1. Report, by residue number, each residue of segment 83-119 that is outside any helix (DSSP H, G or I) and of a type in the set (A, V, I, L, M, F, W, C).
2. Can you tell me which residue within segment 121-159, out of those that are of a type in the set (Val, Ile, Thr) and surrounded by 15 or more Cβ atoms within 10 Å (Cβ to Cβ), is farthest from residue 9 (Cα to Cα)?
3. Counting only residues that are in contact with a strand residue (DSSP E or B) (Cβ under 8 Å, 6 or more places away or on another chain) and among the hydrophobic types (A, V, I, L, M, F, W, C), which one in segment 29-52 is surrounded by the most Cβ atoms within 10 Å (Cβ to Cβ)?
4. Out of 62, 87, 55, which single residue is hydrophobic (A, V, I, L, M, F, W, C), open to solvent by less than 50 Å² (accessible area, probe 1.4 Å) and farther than 23 Å from residue 26 by Cβ?
Amino acid sequence: MTNTTQLAVKSAVDAWHGQVKNADGILDKLTDEQLMKEIAPGKNRGVYILGHLTAVHDRMLALLNLDKQQYPQLDEPFLTKPDKAVAEIPSASELRTYWKNVNTKLATHFNNLPAEGWFEKHNSVSVEDFAKEPHRNRLNVLLSRTGHLAYHVGQLRLL
């Protein structure tokens, strides 16, 4: 790998870590009661966004072929169903714990993955498709998930 490639990968990983840190800063300031509020009238609650982000990040472990998903029970209430469609969801306190656990695990894997490892295929692309579209790699997932996180961090700021 060239120094430029390593620098580009480091920049992407640092951007991820920066967005997680931004989210942590906001979540640390919000009370569990504040998380139960809607971002805007008729919109998602903060607790739903926290659960959604946690579920998305949790799925990244398997998607990037780093580890198994830790909290598959979050998929239904936070990925396949809209806010308030599932009667019982984990508490804000539980979700905060899951959030920290998942992001700690991701950080460990990300910090230990060599630059060339980011250019390998992820688990949602076939070998045949990856041969035709090598940009469908782990780094591409990281970049898209960093943007996704930034979007939802902006929503949480409204609380």
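1. Filtering segment 83-119 down to residues outside any helix (DSSP H, G or I) leaves 83-91, 113-114.
85, 86, 87, 89, 113 - these are the residues of segment 83-119 that are outside any helix (DSSP H, G or I) and of a type in the set (A, V, I, L, M, F, W, C).
2. Once the filter is applied, the top-ranked residue is 153.
3. Checked segment 29-52; the qualifying residue surrounded by the most Cβ atoms within 10 Å (Cβ to Cβ) is 35.
4. None of the others qualify; the one that does is 62.
Conditions (1) closer than 24 Å to residue 21 by Cα; (2) of a type in the set (S, T, N, Q); (3) at pLDDT 95 or above; (4) open to solvent by 50 Å² or more (accessible area, probe 1.4 Å), marked per residue:
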position: 70; (1), (2), (3), (4): yes, yes, yes, yes
position: 75; (1), (2), (3), (4): yes, no, yes, no
position: 80; (1), (2), (3), (4): no, yes, yes, yes
position: 97; (1), (2), (3), (4): yes, yes, yes, yes
position: 119; (1), (2), (3), (4): no, no, yes, yes
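For (1) over 15 Å from residue 82 (Cα atoms); (2) at pLDDT 95 or above; (3) part of a helix (DSSP H, G or I), each residue gets a yes or a no:
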residue	(1), (2), (3)
25	yes, yes, yes
49	no, yes, yes
56	no, yes, yes
65	yes, yes, no
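The values are calculated or read from the model by the stated rules, or taken from the named source; none is laboratory data. Model, not experiment: these values are computed from the prediction. For neighbour counting, all protein chains shown are included, and Cβ atoms are generated from backbone atoms with ideal geometry for every residue, glycine included. Each accessible area value is taken on the protein alone, full model and side chains, heavy atoms only, with ligands, DNA and RNA left out. Shrake-Rupley method; radii C 1.70, N 1.55, O 1.52, S 1.80 Å.
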